[in-house]
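Below is one structure, written out as structure tokens, with a few remarks after it.
No lab work stands behind these numbers, since they all come straight from the coordinates. Here the structure is a predicted model, which means the values were calculated and not measured. Neighbour counts are summed over all protein chains in view; Cβ atoms, including those assigned to glycine, are modelled from backbone coordinates with ideal geometry.
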Amino acid sequence: MAVDLHLHSTFSDGSATPAEIVAIASDLGLSGIALTDHDTLEGLPDAAAAAERAGLRFIGGTELSVLWREQSMHLLVYCLEPGPGLIEEQLAILRRGRNARNEHIVELLRGLGIDITYADVLSEAGGGVVGRPHFAGVLVNKGIVTSVAEAFDRFLAQGRPAYAPRQRLAAEEAIAYARATGAVPVIAHPHTLNLRADEYADGFAELVDRGLGGIESFYAEYSPELRQRLASICSELGIVATGGSDYHGKYKPQLQVGIGNGDLRVPDEAFDRLLAAR
Ligand code: AMP
Ligand code: ZN
Ligand code: FE
Ligand code: FE
């Protein structure tokens, strides 16, 4: 059996509801999932209820963008319960920073002569936490680009003309908040860090000392060799090798629940190891 511990729903920048994701996971025969919407815990109750009805094990999570060595790092935080508390307070601050950044992106796009309003973007997001994929969706709908990927390449990616940064926690800070609430912080898709493969182990060891609980080793874009190498680094560091598809529905059409590009398989053990790492 396999699991998928990195999934985005309509509560952030995915296009499938938590119940739809659970249905796909269940049809695939996965044994468990984690929902990891950006900066929100709002989808967790729906996902937990749907998972329970389908007989799937469930972990509540979120994905944060943090700063580490002056670079952007994504941190998955697992074993979270929705509701008021330290993490929810921090998430609310991050969502406010995100909203300010989003309004800035609208201005930048308008400055490029594109007829877009924040209302268009809110409508695309349908009530979920608004992210750049929703801007990409609006640009596709308006016929300005033909794909989400083109929207990022031309406008939204870092270094492109409508890129605007948003507020982030330091990695060490976010790890401390996660541990203070009994959650498990895990580095997401470490290839997005500007580290050479031979620098991974040292870089990660520094964060393990601060409370890091795992590394997303089983990731669609990685070769089987890199997945295994990351998993070995995790065993050496005594942390959990996690993994997931980073499913976003129509916003990342190549990635499917459970199997990523087709060859992903995240071992079952990752689920219990995460729970044990609390
Ligand atoms: P945000 O958190 O609003 O800055 O948006 C970040 C999200 O945009 C990431 O989590 C990805 O889902 C998505 N994203 C980033 N770069 C790309 C890209 N080049 N193509 C498609 N989606 C991307
Ligand atoms: Zn996303
Ligand atoms: Fe990410
Ligand atoms: Fe993600």
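Starting at the first residue of region 75-86, write each ³J(HN,Hα) from the Karplus equation 6.51 cos²θ - 1.76 cosθ + 1.60 with θ = phi - 60°, in whole Hz, x for Gly and Pro.
For region 75-86, the Karplus curve yields 10, 8, 10, 10, 6, 9, 10, x, x, x, x, 4 Hz.
Length gain on complete extension for the stretch Q167 to D209, per 0.36 nm per residue less the alpha carbon to alpha carbon distance?
Gain on extension, Q167 to D209, equals 12.6 nm.
Using 7 Å Cα-to-Cβ label points, what is the S72/S147 separation (nm, one decimal)?
Simple spin-label model gives 2.0 nm for this pair.
Which of I187, I239, I33 has the fewest other C-beta atoms within 10 Å, and how do the rest follow up to the most?
By the 10 Å Cβ count, ascending: I239, I187, I33.
If amide H atoms are built 1.01 Å from N in the plane of the peptide, which residues on other chains or at least 5 residues away come under 5 Å of the amide H of Y222?
The answer is none.
Please sort 271-277, 198-204, 121-127 by packing, taking for each peptide the average over its residues of neighbouring beta carbons within 10 angstrom, highest first.
Answer by packing, highest mean first, reads 271-277, 121-127, 198-204.
Please report the net charge: other residues with Cβ closer than 12 Å to the Cβ of A16, K and R +1, D and E -1.
Around A16, the charge tally is -2.
Could you calculate the FRET efficiency of E52 with R96 from 1/(1 + (r/R0)^6), where r is the beta carbon distance between them and R0 is 25 Å, rounded to 0.05?
Between E52 and R96 the formula returns 0.15.
Please arrange D46, D209 by counting, for each residue, the other beta carbons lying within 10 Å of its beta carbon, fewest first.
D209, D46
What residues qualify as long-range amide H neighbours of H189, i.e. H under 5 Å apart, gap of 5 or more or another chain, H built at 1.01 Å from N?
Amide H neighbours of H189, under 5 Å, 5+ apart: E216.
What ³J(HN,Hα) values, in whole Hz, does the Karplus curve 6.51 cos²θ - 1.76 cosθ + 1.60 give for region 28-38 when θ = phi - 60°, with x put for Gly and Pro?
6, x, 5, 9, x, 9, 10, 8, 10, 4, 5
Just going by the charge dipole of the chain, with Lys and Arg at +1 and Asp and Glu at -1 on Cβ, which of A220, P82, L169 is farthest out on the positive end?
L169
In whole Hz, with x marking every Gly and Pro, tabulate ³J(HN,Hα) for region 256-269 from phi via Karplus 6.51 cos²θ - 1.76 cosθ + 1.60, θ = phi - 60°.
10, 3, x, 10, x, 7, x, 10, 7, 8, 9, x, 2, 4
Under 5 Å between amide H atoms, partner at least 5 residues away or on a different chain: which partners does L169 have, H built in plane at 1.01 Å?
Excluding prolines and chain starts, which carry no amide H, the hits are L67.
Work from the charge dipole of the chain (Cβ charges, +1 for Lys and Arg, -1 for Asp and Glu, about the Cα centre) and give the residue of S123, T17, T181 farthest towards its positive end.
My answer, from the dipole projection, is S123.
Counting other C-beta atoms within 10 Å, and keeping those with at most 15, which DSSP coil trypsin sites (Lys or Arg not before Pro) do you find in region 1-106?
For trypsin sites (Lys or Arg not before Pro) across region 1-106 that sit outside H, G, I, E and B with at most 15 neighbouring Cβ atoms in 10 Å, the list reads R69.
Going by C-beta contacts inside 10 Å, put E89, E216, E63 in order with the fewest on the left.
Ranked by crowding around the Cβ, least crowded first: E89, E63, E216.
Quote the charge dipole size of the chain about the Cα centre in Debye, to the nearest 20; the model charges only the Cβ of Lys and Arg (+1) and of Asp and Glu (-1).
In total the dipole reaches around 420 debye.
Relative to the longest principal axis of the C-alpha atoms of the chain, give the angle of the C-alpha long axis of helix 171-180, reported between 0 and 90° and rounded to the nearest 10°.
Between helix and principal axis, roughly 60 degrees.
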